[in-house]
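A.B. asks: I have a structure here, written as structure tokens, and I will follow up with some questions on it.
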Amino acid sequence: MIEYVYILLMVTFTVAAQLLIKKGAVLISDDKEIGSIIKSMFNKYIIIGAIVILIAPIFYLLALSRMELGLAFSFTGLNYVFVVIGAYI
């Protein structure tokens, strides 16, 4: 049963990271100066999103150690559904 918790945590972290990185990308400056572009990329949303996206595979590995690959992989499709819902909201 814990493997399903791991999968849901992986999906949650992946979706959250995608939405955070998108929010950060919207805030990137249109200024053509390279220094301005690099500075604007390091906003809090992109940094937090990058950290969260690095945590998600840990939960996927924990789930894979306890369940079949076919079943675990099928749950990754939830990422797409929840990103679309989150983007809409």
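The values are calculated or read from the model by the stated rules, or taken from the named source; none is laboratory data. Fair warning: this is a prediction, and the values are worked out from it, not measured in the lab. Here the Cβ positions follow ideal geometry from the backbone for every residue, glycine too, while neighbour counts run over all protein chains shown.
A.B. asks: For residues that are among the small types (Gly, Ala, Ser) and surrounded by 13 or more Cβ atoms within 10 Å (Cβ to Cβ), scanning just segment 30-58, find the one that is nearest to Gly86 (Cα to Cα).
C.D. replies: Selected residue: Gly49.
A.B. asks: Are any of the residues in segment 68-87 at pLDDT 95 or above, surrounded by 18 or more Cβ atoms within 10 Å (Cβ to Cβ), among the aromatic types (Phe, Trp, Tyr) and assigned to a helix (DSSP H, G or I)?
C.D. replies: Among the residues of segment 68-87, not one is at pLDDT 95 or above, surrounded by 18 or more Cβ atoms within 10 Å (Cβ to Cβ), among the aromatic types (Phe, Trp, Tyr) and assigned to a helix (DSSP H, G or I), which makes the answer no.
A.B. asks: Among the residues of segment 21-64, what is the count of those that are touching a residue at least 12 places away in the same chain (Cβ under 8 Å) and outside any helix (DSSP H, G or I)?
C.D. replies: Of the residues in that region, 3 qualify.
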